[in-house]
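Heads up: the structure comes next, in structure tokens.
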Amino acid sequence: MKRCMKIIIALAVVFMFASASFGCQSNVGKPLSNTNHGVEIKTFGRYAQNLVTDEALIENLKTVPEDNDGRITYGDGQYEKITATPYRTGLKFSDGTKIETGKEYFFEVAPVTWYALDSSNGKTLLFAEKILDVSLFSDKTEMEGCGFGFYYTGKDYPNDWSCSKLREFMNGKMFNSLFDEVEAKGGVVTTRVSSAYPESYFKAHSSQIPVVSDKVFAPSYKELVTAEYGFTEDGENYDCLRMAEPTDYALAKGCKIFESSTKEGYTDYERDSVLNRNGDYWLRTVGHDIYYAGICRYTGAVGKYYAYVNNASQNKQSEFIGVRPAVTVQIAL
């Protein structure tokens, strides 16, 4: 009983509630959906996100060894250090600092902001506000032992979520980085998720991909066109709730973004200002064939959009699709 009470108290502390309004404005051409709706926001868990710019702090962090989990604990904070591999030369962090390939940077481990998409039976489906990390969907580039065009089953598919590198990463390293022991055991609920049609825009072979149980998961096409969650049902619309910017941490690891060059006064300036620095992120659903998986575009459009499962292998520099996680939690009321 005492242990349960500790978990309940801890969860009550880590959850924070507020209302938010999106700043998306109407644009020329494609309509921007969710232009002025309120959405409940919660903070839960922690992840490396913000670039450390304090030079004195950086010098101190350089002298502190990493913990067993790869993080650096200094004072009241935690930090992570990575060597930058931006997707292009000249890319800048959110504060305008140029990202130098091969340079070590420190990032603050900060509370993660989530959108509450649905609450029922004491459980809430959360969707990260930002793209938190990057990953391949799969490292497979060929069918193992078979040629294209045969009838395949289940786990042979490179875009099979159930055996993907993306799923392994999200339920392994990402999950362990996001949540401490109390949050993981007392807050996160294992969710049964499907990648089969109609979760996917494409029917293709998706019916052969099994339903699995996940702690952290990529969203599906169907979820991102669900009106009850706050999304527009038209996957072609530019949807503000589906749009996401990557964190500085994800940028340093190779997340690609849209960078507007439209000048004020031009036709598309208003629209491109909203889209500027948004990134693409993976869906758990299949693409148009076995080597492609679904993505949400930087415009917030989903459906017929997809990327090669091992997309970074096609580029000379690191260029990754973003990871924007979803999780179901049990809220202590």
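All of the numbers you see were taken from the coordinates with simple rules; none came from a lab. Predicted, not measured: the structure shown is a model, and the values here were computed from it. Every residue, glycine among them, receives a Cβ derived from its backbone with ideal geometry; neighbour counts consider all protein chains shown.
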#### Entry: Label point at LYS123 placed 7 Å out along Cα→Cβ; residues across the range 180-218 whose backbone nitrogen lies under 17 Å
184-195, 211-218
### Task
Report the calculated FRET efficiency for LYS92 and ILE58 (r = Cβ-Cβ distance, R0 = 22 Å), to the nearest 0.05.
0.75
#### Entry: Cross-link partners of LYS42 among aspartates and glutamates (Cα-Cα below 13 Å; sequence separation of 8 or more within a chain)
ASP118, GLU129
